[in-house]
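Working notes, structure below.
The values are calculated or read from the model by the stated rules, or taken from the named source; none is laboratory data. Note that the structure is predicted; figures quoted are calculated from it, not measured. Note that each Cβ is placed from the backbone with ideal geometry, even for glycine, and that neighbours are counted across all protein chains shown.
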Amino acid sequence: MKNDRWTRALITGASSGIGRELVRQLSVAGIPTVAVARREDRLKALADEYDGVEVLVADLTATAGVARVVDRLRDTSRPIDFLVNNAGFGTSGQFIELPTERLVDEVRLNVEAVVVLCHAVLPAMVASRRGWVMNVSSVAGFQASPGLANYAATKSFVTSFSEALHEEVRRHGVHVTALCPGLTATEFQQVSNVFDRPSSFPAAAWLSVEEVATTGLRDTARGKTVSVPGLQYKALVSASNVVPRSISRRAARIVRRLSQRPQATG
């Protein structure tokens, strides 16, 4: 990737998956990057592997952790012109059976942290008439998803929020992009248990972190409002705009049930 736009990026959820790949690609392009995550050991390993990586340990489900990142975003001596809100997790199962604390932490990380960090960085970007924000959402946010109710709702917020912000700030030379990947081969599936049996989905349904990160960076650099990696997911999103919502949510429920069926062994 050619670096002709960003001078310094800050990426949350940088210790694994899409976040780690974004750090890698930006570092290869010579862009200094602030890597934010809870796991200090992984961040230090990342900094040892790639040049120009600044480590910032923070738990974004905690007020103190968010405040640490806000302080870094407002540091005028080392300004950030590219913010990536990538940190997030999902809950899976019947809403009434899930722990309240887990659901609330999901909203704090997927929604509240995104709002606070955008609010911290955008004023300086608008003042300088230059800046980019990538908020990592999901194709799950384009329709209600029984069995993923809380997660899908948080991502629906992220996409809608990003689109609105894009329209508010673009006249100031600032761009906000919602990156909406589908199934991506990362630790997210294990940590969040979004799908009990990922192998129930065909190989063609899965995106690589490289494809998602490359598409997201390309579309953000171009000032695109919504970025959907993969032709299969572009088609899915297009269909969601014309299929009645009652049908799409029932289809989502069926897919969820199929993913939970036990596999035959032999």
Tell me which helices (runs of 4 or more DSSP H) are completely within segment 155-263 and hold 2 or more residues being out of contact with any Asp or Glu (no Cβ under 7 Å at 6 or more places or on another chain) and at pLDDT 95 or above, or say none if there are none. 209-221
Take the conditions closer than 21 Å to Leu122 by Cα and either part of a loop (DSSP other than H, G, I, E, B) or among the charged types (D, E, K, R) (or both) and apply them to Arg5. Does it pass? yes
Among the candidates Thr76, Thr61, residue that is surrounded by fewer than 17 Cβ atoms within 10 Å (Cβ to Cβ) and among the polar types (S, T, N, Q): Thr76
Looking only at segment 36-43, decide whether some residue is in a strand (DSSP E or B) and in contact (Cβ under 8 Å) with a residue 24 or more places away in the chain. yes
Of all residues in segment 149-166, which are out of contact with any Gly (no Cβ under 9 Å at 6 or more places or on another chain) and either free of Cβ contacts under 8 Å to residues at least 40 places away in the same chain or on the phi > 0 side of the Ramachandran plot (or both)? Ala164
Answer yes or no: is there a residue in segment 97-113 that is more than 17 Å from Gly19 (Cβ to Cβ), of a type outside the set (Ser, Thr, Tyr), free of Cβ contacts under 8 Å to residues at least 40 places away in the same chain and not in a helix (DSSP H, G or I). yes
Of all residues in segment 55-75, how many are assigned to a loop (DSSP other than H, G, I, E, B) and closer than 15 Å to Asn86 by Cα? 4
Mind checking whether some residue in segment 83-98 is in contact with a Cys (Cβ under 8 Å, 6 or more places away or on another chain) and crowded, with 19+ Cβ neighbours inside 10 Å? yes
